[in-house]
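What follows is calculated from the coordinates using simple rules that are stated; it is not laboratory data. Computed from a predicted model, the values in this text were never measured in an experiment. Methodologically, a virtual Cβ is constructed for each residue, glycine included, from the backbone with ideal geometry; neighbour enumeration extends over all protein chains shown.
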Amino acid sequence: MKKLTRVLLISVVAMAAVLAAGCPQQRSIAEIERNPGRYADKEVAIVGVVRDSFGVSVPGTPIRGGIYKIDDGTGSIWVVTEDTVPGKGSEIGIKGRVGTGVSWSGKNYGLGIYETGRRYKKR
């Protein structure tokens, strides 16, 4: 019985370590802007409010995408998405890869994030 408990405990600890390693760490925008080389092409998570957005979405078709600016209180950063663009004032959490030259529709926005996932604040 003792051996079974030990094996089960080790399995749970190992599983938690694997899950934690796969999740991006939440960072502040100020932290990313202070040291962009450290986060370049790495996945990060940010929580904030959408301040500006541009994009296209044609209902019933796969045509969508755009760019939006998210502000977390420490700064703001542009986020490129291939999904629908969130509206101004939306409180969201995003995860994505940091890029030093993000662009959309032929315009370069500098340091930004290529979105890989998004969650809206529950109301």
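Once the other residues with Cβ under 11 Å from the Cβ of Thr81 are scored (Lys, Arg +1; Asp, Glu -1), what is the net sum?
Summing Lys and Arg as +1 and Asp and Glu as -1 gives -1.
Between rounded, prolate and oblate, where does the stretch 25-120 land on the alpha carbon gyration tensor, with a ≥ b ≥ c its root eigenvalues, rounded for a/c under 1.5, else prolate if a/b exceeds b/c?
Details: a/c = 1.83, a/b = 1.46, b/c = 1.25.
Prolate, because a/c is 1.5 or more and a/b exceeds b/c.
Among Glu115, Glu43, which comes first, second and so on when ranked by fewest other beta-carbon atoms within 10 Å? List each step's numbers first, then the result.
Working: Glu115 21, Glu43 17.
The most exposed by this proxy come first: Glu43, Glu115.
Among all the aspartates and glutamates, which ones have a C-alpha under 13 Å from Lys42's C-alpha, if same-chain residues fewer than 8 places away are not counted?
Cα-Cα hits under 13 Å: Glu115.
With only Lys, Arg, Asp and Glu charged, each at its Cβ (+1 for the first two, -1 for the last two), find how big the charge dipole of the stretch 25-120 is about the Cα centre; round to the nearest 20 debye.
Using only the charged Cβ atoms, the result is roughly 40 debye.
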